[in-house]
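Colleague: First the structure, then my questions, so here it is.
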Protein chains: 2
Amino acid sequence: MAAKLSVAATVAVSFLLLLIPASLFFFFSSSSLPARLLSFSPCLSVASASDRPLKVYMYDLPSRFNLAMLSASDSDLSFPPWPDGSGVKRQHSVEYWMMASLFSQPREISRGDKTGADDGIRVVRVLNGDDADVFFVPFFSSLSFNVHGHNMTDPDTEIDRQLQVDLLEILGNSKFYQRSAGRDHVVPMHHPNAFRFYRDLLNSSMLVVSDFARLPMDVSYLRKDIVAPYVHVVDSFLDDDPSDPYGSRPTLLFFRGRTVRKAEGIVRAKLAKMMKGFDDVHFEDSFATGEGIKASTEGMRKSKFCLSPAGDTPSSCRLFDAIISHCVPIIISDRIELPFEDEIDYTEFSLFFSVKEALTPSYLLGQLRNFPRERWLEMWGRLKNVSHHFEFNYPAQKGDAVDLIWQQVRRKLPDVNLSMHRSRRLKIPDWWR
Amino acid sequence: MAAKLSVAATVAVSFLLLLIPASLFFFFSSSSLPARLLSFSPCLSVASASDRPLKVYMYDLPSRFNLAMLSASDSDLSFPPWPDGSGVKRQHSVEYWMMASLFSQPREISRGDKTGADDGIRVVRVLNGDDADVFFVPFFSSLSFNVHGHNMTDPDTEIDRQLQVDLLEILGNSKFYQRSAGRDHVVPMHHPNAFRFYRDLLNSSMLVVSDFARLPMDVSYLRKDIVAPYVHVVDSFLDDDPSDPYGSRPTLLFFRGRTVRKAEGIVRAKLAKMMKGFDDVHFEDSFATGEGIKASTEGMRKSKFCLSPAGDTPSSCRLFDAIISHCVPIIISDRIELPFEDEIDYTEFSLFFSVKEALTPSYLLGQLRNFPRERWLEMWGRLKNVSHHFEFNYPAQKGDAVDLIWQQVRRKLPDVNLSMHRSRRLKIPDWWR
């Protein structure tokens, strides 16, 4: 144990040295770099962003970083399915779906090719890092937290820590990582405790997160990072086309889940008290088990509005369960982050209440009972239109969650370049945030 | 005068009221808005950014806001040329070139059209605001500062102030401005004193600036705004193709300009002392007159390196004069902003010295005298390749400064949408910067 920690510390220190900004070096140092590195730029030409696919290089990590955690075969020929019956772990499996989207298409493709723009998702895997726009690090950091120890003090959590140490060493030795200080690297950290020991050492990379609740502001922020949806745990409502969608949902407001939560999630216990004793409200304290998920699936499909309060963090899987159940989300979480919000206006299909509003007696239910039927039908129609953006498919499909995540990555490229260019020339700390 | 100020105050207050975030309104208020407004979104579909041209609506302002200041005919049929011999005013004329780029092509085009993507610049003017991605405000705010009064206390400066008041009123009455709080509006403010009386009221719009020196951090910042080049005042070096480019530039280091400047520009006076008495250095204190500009044109073409120290603000026209003269810029300005820096790596053709390095006796000249000939030739070659990005043409051309400015605007669209969507749903002040 002591030896392990010592290795960890050494790696961490070496890694910190690697992160010293290039701008601190004497300016002539750049002249000694190979010409190929000097000319590197993910957007070489001054051409506009285009429909060409995003080219992603995926690090070839040992399977203990990813597929081996699935306790399934890690055959190279087919991608192992996500294990059934792991509801809670599934919600943070974006790391798995991103890897799968690249795994399914190991094509030899070079920078100039236009292939892949219009068929399927708008990302292609390149097998040579020199052809890549960005670099994907397929470490299942959320699953590693979930499977290595049942709580944060479990001795098995050391396995999680060691994986983080090993990953930092791999990245630190990569010429691709070194040349950008990781700025063009995409690292999933969706669970709030993912990569918890050393994530501050990856503060230059594009992190894929659920929100920023437990991430320091200098490690993760909206400009740099990608907010990804939770993977829904209730079943997709594919044949939701009744003649009377409003009438076929008798329950006004539905909630099923844990009511004792930390931080902003304390609102749940208060709501539980307020929601007791109303015929049109279904409010149930429960855990996410197989039976519970089935009950939630049914309940959400029978309800007009679905409560989506903050959990231990501002975000929660419940929002996405509501969306794919076409149940208008009632979002009570003042600091929530919403995926793809540059493309999706959530006010078109959700209602937002401040914590204060929600806790004003009879206010929330009053608003919902008086909510115009026509407007609810509009929102329901919109939910049916957007729900495919929150589906995770294998292979990924154009417009699904995985595709949109890669599009978010693509949008960050100008900022990645800007940051790299500034780091090469600035003589003082950057003032850009 | 008193009456004018009173009007100004009234307009300013009314305008402030318009800026009250929509999120403060009760959430049902959105349901009473016309459906067309609700569905507005510059990037309606979840399609990727593409090569389709940016669609710009240009406000039809009275000519006193723009062309009338040129003291030339404002005929509708041809765009008046920029007056000759106005070197200093010309450097901030980006507002003129942006207007010209739209003026030349008043085409009836609607959102779905793909016309214009591959021929010429990647922007088209739309005549209906409902078809627009963004809105251009063709107020010559820099020229207005320059022509209305010869200094900031001149009574004529009241004309500049009144134009700002009138513009705020026009925008405040526009449904397009109101629905976005100006977020999708592009307003040139290139001169550090442009729009100086009320620019804080346009803090949501995309401002076109030279740097952020005199702009408060909550009014203007890199994420939101566009840093545009100064319009060069020396002549373009179009036939720079000698057999011996290195040998044909006998002067090692060239500078011609004002040596008494404010703020960081005090470095100029110190440099002036240090650069005296060297045969290979041409350092001359001078004003930008017609003759002076001719002398600078000649001098830069005969020099290997051109000094580009901070002026009254971190940026200065001299950098762009050096670039289009293919004279390697020596940038001494720790807080300089560089146009198009996400696309252009200035270290490929410029050298950066901190103010401290530059003032270390004989250090800077020592570095330049020992600079490898091969590396200088590489930089010279790169300058020849990038210089067209700093040319302002009428009509604009693909890849020129005007085109790249519009591309910068296009890049901001996802952030504009993100900001608008968040403003509609947030219950607390946004934490995104």
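Colleague: How many residues are touching a strand residue (DSSP E or B) at 6+ places or on another chain (Cβ under 8 Å) and either without any contact (Cβ under 8 Å) to a residue 24 or more places away in the chain or of a type in the set (K, R) (or both) when one looks only at the range B:290-319?
Modeller: Adding up the residues that qualify gives 3.
Colleague: Is there a residue in the range B:382-398 that is within 17 Å of B:Y230 (Cβ to Cβ), in a loop (DSSP other than H, G, I, E, B) and of a type in the set (S, T, N, Q)?
Modeller: Checked against the condition, which is being within 17 Å of B:Y230 (Cβ to Cβ), in a loop (DSSP other than H, G, I, E, B) and of a type in the set (S, T, N, Q), the range B:382-398 yields at least one hit.
Colleague: Return the only residue of A:L404, A:L418, A:L377, A:L413 being over 30 Å from A:R179 (Cβ atoms), outside any loop (DSSP other than H, G, I, E, B) and either more than 10 Å from every other protein chain (Cβ to nearest Cβ) or hydrophobic (A, V, I, L, M, F, W, C) (or both). Steps first, answer last, please.
Modeller: Working: A:L404 fails: over 30 Å from A:R179 (Cβ atoms); A:L418 fails: over 30 Å from A:R179 (Cβ atoms); A:L413 fails: over 30 Å from A:R179 (Cβ atoms).
Just one listed residue meets the conditions, A:L377.
Colleague: Is it true that B:D130 is more than 26 Å from B:D403 (Cβ to Cβ) and part of a helix (DSSP H, G or I)?
Modeller: Numbers: more than 26 Å from B:D403 (Cβ to Cβ): no; part of a helix (DSSP H, G or I): yes.
The answer is no for B:D130.
Colleague: Is it true that B:W432 is among the aromatic types (F, W, Y), open to solvent by 10 Å² or more (accessible area, probe 1.4 Å) and within 11 Å of chain A (Cβ to nearest Cβ)?
Modeller: On the way: among the aromatic types (F, W, Y): yes; open to solvent by 10 Å² or more (accessible area, probe 1.4 Å): yes; within 11 Å of chain A (Cβ to nearest Cβ): yes.
So B:W432 passes the test.
Colleague: Right, something else. So A:K398 ticks every box in (1) closer than 30 Å to B:E337 by Cβ; (2) modelled with pLDDT under 95 but one. Which box is left unticked?
Modeller: Answer for A:K398: the failing condition is (1).
Colleague: Sticking with this one: Within the range A:328-345, is even one residue at the interface with another protein chain (Cβ under 8 Å from one of its Cβ atoms), open to solvent by 10 Å² or more (accessible area, probe 1.4 Å) and among the β-branched types (V, I, T)?
Modeller: no
Residue by residue, here is whether (1) within 30 Å of A:D133 (Cβ to Cβ); (2) crowded, with 19+ Cβ neighbours inside 10 Å; (3) modelled with pLDDT of 95 or more holds:
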site	(1), (2), (3)
A:M206	yes, yes, yes
A:V233	no, yes, no
A:Y246	no, no, yes
A:T259	no, yes, no
A:A269	no, no, no
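Colleague: Here's something else I'd like to know. In the range B:357-373, which residue that is part of a helix (DSSP H, G or I) and at the interface with chain A (Cβ under 8 Å from one of its Cβ atoms) is surrounded by the most Cβ atoms within 10 Å (Cβ to Cβ)? Quick ask: steps written out before the conclusion?
Modeller: Pass one, the range B:357-373, residues part of a helix (DSSP H, G or I): B:357-358, B:363-369, B:373.
Checking the rest, the ones that are also at the interface with chain A (Cβ under 8 Å from one of its Cβ atoms) come to B:357, B:367.
On the way: B:E357: 15, B:Q367: 17.
Applying the filter and picking the extreme gives B:Q367.
Colleague: So which residues in the range A:54-73 are open to solvent by 10 Å² or more (accessible area, probe 1.4 Å), in a loop (DSSP other than H, G, I, E, B) and closer than 11 Å to A:F139 by Cβ?
Modeller: Hits for the range A:54-73 are A:Y59, A:L61, A:P62.
Colleague: Out of curiosity, is A:Y177 assigned to a loop (DSSP other than H, G, I, E, B) and of a type outside the set (D, E)?
Modeller: Working: assigned to a loop (DSSP other than H, G, I, E, B): no; of a type outside the set (D, E): yes.
Considered against the rule, which asks whether it is assigned to a loop (DSSP other than H, G, I, E, B) and of a type outside the set (D, E), A:Y177 comes out as no.
Colleague: Here's something else I'd like to know. Is it fair to say B:L383 is surrounded by 21 or more Cβ atoms within 10 Å (Cβ to Cβ), within 10 Å of chain A (Cβ to nearest Cβ) and over 30 Å from A:Y346 (Cβ atoms)?
Modeller: Values: surrounded by 21 or more Cβ atoms within 10 Å (Cβ to Cβ): yes; within 10 Å of chain A (Cβ to nearest Cβ): no; over 30 Å from A:Y346 (Cβ atoms): yes.
For B:L383, the condition - surrounded by 21 or more Cβ atoms within 10 Å (Cβ to Cβ), within 10 Å of chain A (Cβ to nearest Cβ) and over 30 Å from A:Y346 (Cβ atoms) - is not met.
Colleague: Please determine, by comparing only the residues of the range A:216-231 that are over 17 Å from A:F320 (Cα atoms) and surrounded by 18 or more Cβ atoms within 10 Å (Cβ to Cβ), which one is farthest from the other protein chains (Cβ to nearest Cβ).
Modeller: Of all residues in the range A:216-231, those over 17 Å from A:F320 (Cα atoms) come to A:216-225.
Filter once more, keeping what is surrounded by 18 or more Cβ atoms within 10 Å (Cβ to Cβ): A:219-222, A:224-225.
Working: A:V219: 15, A:S220: 12, A:Y221: 8, A:L222: 5, A:K224: 11, A:D225: 12 Å.
My answer is A:V219.
Colleague: For the range B:388-396, check the following and say yes or no: at least one residue is at the interface with chain A (Cβ under 9 Å from one of its Cβ atoms), surrounded by fewer than 21 Cβ atoms within 10 Å (Cβ to Cβ) and under 16 Å from the mean Cα position of the chain (by Cα).
Modeller: Taking the range B:388-396 as the starting set, the residues that turn out to be at the interface with chain A (Cβ under 9 Å from one of its Cβ atoms) are B:389.
Among the residues that remain, those that are also surrounded by fewer than 21 Cβ atoms within 10 Å (Cβ to Cβ) are: B:389.
When the remaining residues are screened for being under 16 Å from the mean Cα position of the chain (by Cα), the result is B:389.
Within the range B:388-396 (the criterion being at the interface with chain A (Cβ under 9 Å from one of its Cβ atoms), surrounded by fewer than 21 Cβ atoms within 10 Å (Cβ to Cβ) and under 16 Å from the mean Cα position of the chain (by Cα)), the answer is yes, since at least one residue qualifies.
Colleague: Would you please list the contacts, defined by Cβ atoms under 6 Å and residues six or more apart or on different chains, that run from a residue in the range A:409-433 that is more than 28 Å from A:R122 (Cα to Cα) to a residue that is in a helix (DSSP H, G or I) and among the small types (G, A, S)?
Modeller: Filtered contacts from the range A:409-433: A:S423/A:A22; A:S423/A:S23; A:R424/A:A22; A:L426/A:S23.
The values are calculated or read from the model by the stated rules, or taken from the named source; none is laboratory data. Just so it is clear, the model here is predicted, and its values are computed rather than measured. Methodologically, a virtual Cβ is constructed for each residue, glycine included, from the backbone with ideal geometry; neighbour enumeration extends over all protein chains shown. Areas reflect the complete protein model, heavy atoms only, side chains present, ligands, DNA and RNA absent. Shrake-Rupley method; radii C 1.70, N 1.55, O 1.52, S 1.80 Å.
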